[in-house]
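Visitor: The structure is given below, and queries will be raised subsequently.
Every number here is computed from the coordinates shown, using simple stated rules; none is lab data. Remember, predicted model here, so these are calculated numbers, not experimental data. Neighbour counts are summed over all protein chains in view; Cβ atoms, including those assigned to glycine, are modelled from backbone coordinates with ideal geometry.
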Amino acid sequence: MADVMLLRAQKASARSINLSCKKLKRVPKLIGAIQSIIHIDLKGNKLQVLPDELGNLMQVESLNLGNNEFSIIPLCISQLFTLNILHLFQNQLETIPEGVFENLRCLTVLNLNNNLLTKLPKDVCNLVNLEKLSLDNNNLRQLPFEICALSRLKELRITKNRLERLPLEFGFLSRLEELHVPLNRLRELPESLGKCYNLKVLDVAANELRIFPTEMEQLPLVELHCEENPLLSHLPVHSIQEEEVLSLKELAARYVMTELKDRFSSLRAHLKDFPELKRMLAQSSTCAVCSQPFLNTWLECVHFIKPRKLKLKNSTTGNSLEIPIRALLCSYGCFNKKNHEYYGVAFP
Ligand SMILES: [Zn+2]
């Protein structure tokens, strides 16, 4: 049956072949001889392997292997250099061997929903043109930081996994527009999320978040979902704290950073001779109260904003009427100042 269809396709130099929902257990090797094929649909069969010959096809742009019985990604896929869209949803994939993604530089859409994946290979970073990655309903506990190299990624879906954190370098995903990570175990979002300047949709519902990153308000969000999280609630208790003693390193760093603000400071000219120092100072933050820079010593505080202040078009926040956002203060001196809306955070 499949052989007849493939023979016909070969004769007609077909550009697409549809063998979906045919209860196939194998794909005839002949498929590898039909060089005209651009689209292959094999979804809804009983496939566990593909013939190596499939890797000979030089023009394939889309391959749908969804709803089959693959427990390993067929290696021949790694030969399909021209592949644009790859569907592998609803299989039994547990791991993806290193090397599979190495040559798939044209891939823009990868759908791995509904599998049993516990991790992603590091070479995911080779998918340099990937725009949409979908990993819903897997068993992922973490993401490799290499995923942050996918600079064209616009949409990332990881609903219902076991993620405990996102990579610290997440902010490198500067084109990301949608992040869907509800139903995970995230306790914190990386501070660098504030660098995802194109993020419009953020769904973090049903996680274990208490607070949002400092630069949350800078994001151009139109949609936020954060219900079912143990978010900090607004308990207006101001406290007065003793001033602390800063380390010499912190004091020196603060002095240098303040000096560097002065256009005429001689320190500016000298800094280029100390690249390590420059790198270190690049990690600095700014006090939410006095706007002065600091390096490693700060107070973690929280302030609350009303969702409507974020100009959201669509949001679900559950019982929280206000969104807790992290703020960093340089000292107890600033914390003790009057007329600010920052509260101390006591993490259990
Ligand atoms: Zn301050």
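Visitor: Within segment 138-152, find all residues whose amide N lies under 17 Å from a label point positioned 7 Å from the Cα of T118 along Cα-to-beta-carbon.
Guide: Once the point is set 7 Å along Cα→Cβ of T118, 138-144 turn out to lie under 17 Å by backbone N, inside segment 138-152.
Visitor: Under 15 Å from the Cα of K272, which aspartates and glutamates turn up, not counting those fewer than eight places away in the same chain?
Guide: Output for K272: E259.
Visitor: Take the chain, connect every pair of alpha-carbon atoms lying under 10 Å apart with a spring to form a Gaussian network, then pick out the residue of S291, S192, S265 with the largest mean-square fluctuation.
Guide: Top of the fluctuation ranking is S265.
Visitor: So between Q79 and L251, what do we pick up on full extension, going 0.36 nm a residue minus the alpha carbon distance?
Guide: Length difference between fully extended and current span is 56.3 nm.
Visitor: Continuing with the same structure: Over segment 269-348, what is the relative contact order in whole percent, taking alpha-carbon pairs under 8 Å and six or more residues apart?
Guide: 34 percent.
Visitor: In whole angstrom, note down how far apart the Cα centers of segment 32-50 and segment 56-131 are.
Guide: So the separation of the two Cα centres works out to 14 Å.
Visitor: If you don't mind, there's one more thing I want to ask. The chain: D in µm²/s via Stokes-Einstein (Kirkwood Rh, Cα pairs, 37 °C, 0.692 mPa s)?
Guide: D, rounded to a whole number, is 141 µm²/s.
Visitor: Set the Förster distance to 41 Å, then compute FRET efficiency between R165 and K11 from the Cβ-Cβ distance, nearest 0.05.
Guide: So, using R0 = 41 Å, E works out to roughly 0.15.
Visitor: Under a 5 Å amide H to amide H cut-off, with H placed in plane at 1.01 Å, what residues pair with S16 once short-range neighbours are removed?
Guide: I38, H39
Visitor: Please list 3J(HN,Hα) in residue order for segment 328-345, calculated via the Karplus relation 6.51 cos²θ - 1.76 cosθ + 1.60 where θ = phi - 60°; whole Hz, with x for glycine and proline.
Guide: My calculation for segment 328-345 gives 10, 10, 6, 6, 5, x, 5, 4, 7, 4, 7, 6, 10, 10, 9, 10, x, 10 Hz in order.
Visitor: Okay, moving on. Net charge near F145, counting Lys/Arg +1 and Asp/Glu -1 over other residues with Cβ under 15 Å of its Cβ?
Guide: 0
Visitor: Please give the helix 248-260 orientation as an angle from the longest Cα principal axis of the chain, in degrees from 0 to 90, rounded to the nearest 10.
Guide: 90 degrees
Visitor: So, one more: Over 25 Å between Cα atoms, which of K200/K306; K22/K122; K306/K338; K132/K160 qualify?
Guide: Exceeds cut-off: K22/K122.
Visitor: Based on the Cβ-Cβ distance from R26 to N314, what FRET efficiency comes out when R0 is 51 Å, to the nearest 0.05?
Guide: 0.65
Visitor: Under 1.5 on a/c is rounded, so check that first for segment 102-220, then, if it is not, pick prolate when a/b is larger than b/c and oblate when it is not; a ≥ b ≥ c are the square roots of the alpha carbon gyration tensor eigenvalues.
Guide: oblate
Visitor: Right, something else. Report the net charge of residues surrounding L57, where surrounding means a beta-carbon distance below 13 angstrom and charges are Lys +1, Arg +1, Asp -1, Glu -1.
Guide: Result for the local shell: -1.
Visitor: Can you compute the FRET efficiency between E276 and E146 using 1/(1 + (r/R0)^6), with r the Cβ-Cβ distance and R0 = 30 Å? Round to the nearest 0.05.
Guide: Calculated value: 0.75.
Visitor: Straight-line reach only, C-alpha to C-alpha below 19 angstrom: list the aspartates and glutamates that K195 could link to, leaving out same-chain residues fewer than 8 apart.
Guide: Candidates past the 8-residue exclusion: E131, E146, E155, E169, E177, E178, D203, E215, E217, E223.
Visitor: Measure nothing but the geometry: give the 0 to 90° angle between the long axis through the Cα atoms of 2-11 and the longest principal axis through the Cα atoms of the chain, rounded to 10°.
Guide: The answer is roughly 90 degrees.
Visitor: Name the most mobile residue of M216, M58, M280, meaning the one with the largest mean-square fluctuation, in a Gaussian network model of the chain with Cα contacts below 10 Å.
Guide: Top of the fluctuation ranking is M280.
Visitor: Quick one: net charge around Y332, please, counting Lys, Arg +1 and Asp, Glu -1 for every other residue with C-beta under 9 Å from its C-beta.
Guide: -3
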